[in-house]
């Protein structure tokens, strides 16, 4: 049998690295859970259990939690793990700030259909934004985008394309490329398909922005949150917390409360 040529060997190696990169990419970004463990009713909040149709015909699930005192509606994009039922404490916390809360599960999470990917998450978020405008008749200037971790990248994407009142990110990274260099330094970044490139988008968002990040974040380094803030255009504020990626909200709850309320007070006066 004739031996394989060096060029063919190289092609096999490149193809293997490419496939491995895609496998690692999928396994590292999305951690959906299907089971809804509780609902807002558990914390004595009335809510609407809604299904939305995305532009590519995927059914996604969400909760709209009204507040009769609300002047603004917070559109909540959660992180890459679990589902909406794992955010009840934060939902309750934010709802007490006289906000309507609308939180969705991305495709593949909770009761939402489909499989998660970057373009799909943007379509899911777009469907939620349009629902608030067209079905709830909420003006764009009364919509606040809130994104935790991966959800921050989704919030930045929507804010880069649509009018909103403000944007809040919590422990959000700059881009998948920069995260990959930290988590998988051996992996060539040009093989990556997913971008979530908030760094290149946030400088063009002119509405008020609050960047929240914990100094003890062991998953998304504090330096990436600081870099995202530095690149953002004015008006902007930075809220520094303490605690790990998944516990900073609880470990720094009072700082979180004071910082967010101060931000809301300022944007309400604009």
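Sort 255, 105 so the one with the fewest other Cβ atoms within 10 Å of its own Cβ comes first.
By the 10 Å Cβ count, ascending: 255, 105.
Output the antiparallel fraction of DSSP beta bridges having both residues in the chain, as a percent to the nearest 5.
Counting DSSP beta bridges with both partners in the chain, the antiparallel share is about 25 percent.
Looking at the square roots a ≥ b ≥ c of the eigenvalues of the Cα gyration tensor of the chain, which shape do they give, rounded for a/c under 1.5, prolate if a/b is larger than b/c, or oblate? If you can, show how the numbers build up before the last one.
On the way: a/c = 1.99, a/b = 1.59, b/c = 1.25.
Because a/c hits 1.5 or more and a/b exceeds b/c, the chain counts as prolate.
Determine the gain in length on full extension of the stretch residue 251-residue 113; use 0.36 nm per residue of separation and subtract their C-alpha separation, reporting nm with one decimal. Please list the in-between numbers first.
Numbers: separation 138, 0.36 × 138 = 49.68 nm, distance 3.38 nm.
Full extension of this stretch gives 46.3 nm more.
Determine, for 73, 42, the number of other Cβ atoms within 10 Å of each Cβ, and report the residues in order from fewest to most.
Least crowded to most crowded, the residues run 42, 73.
With a point put 7 Å past each Cα toward its Cβ, work out how far residue 215 is from residue 195 in nm, to one decimal.
It works out to 3.5 nm between the two label points.
Go through 170-177, 122-129 and give me the packing order, highest mean Cβ count within 10 Å leading.
Details: 170-177: 24.5, 122-129: 22.2.
Descending mean neighbour count gives 170-177, 122-129.
Between residue 33 and residue 93, what FRET efficiency follows from the Cβ-Cβ distance if R0 is 22 Å, with the result rounded to 0.05? Each step should come with its number before you reach the end.
Working: r = 21 Å, r/R0 = 0.97.
Calculated transfer efficiency: 0.55.
Exposure proxy check: 76, 250, 229 ranked by fewest other beta carbons within 10 Å? Mind showing how you got there, number by number?
Working: 76 27, 250 12, 229 19.
With the sparsest Cβ surroundings first, the list reads 250, 229, 76.
Roughly how many nanometres apart are two label points built 7 Å out from the Cα toward the Cβ at residue 135 and residue 222?
4.1
Any read-out appearing in this document is the output of simple, stated calculations on the displayed coordinates, not a laboratory observation. In this text the structure is predicted, and so the values were computed from the model without any measurement. FYI the Cβ positions are ideal-geometry reconstructions off the backbone, even for glycines, and counts take in every protein chain you see.
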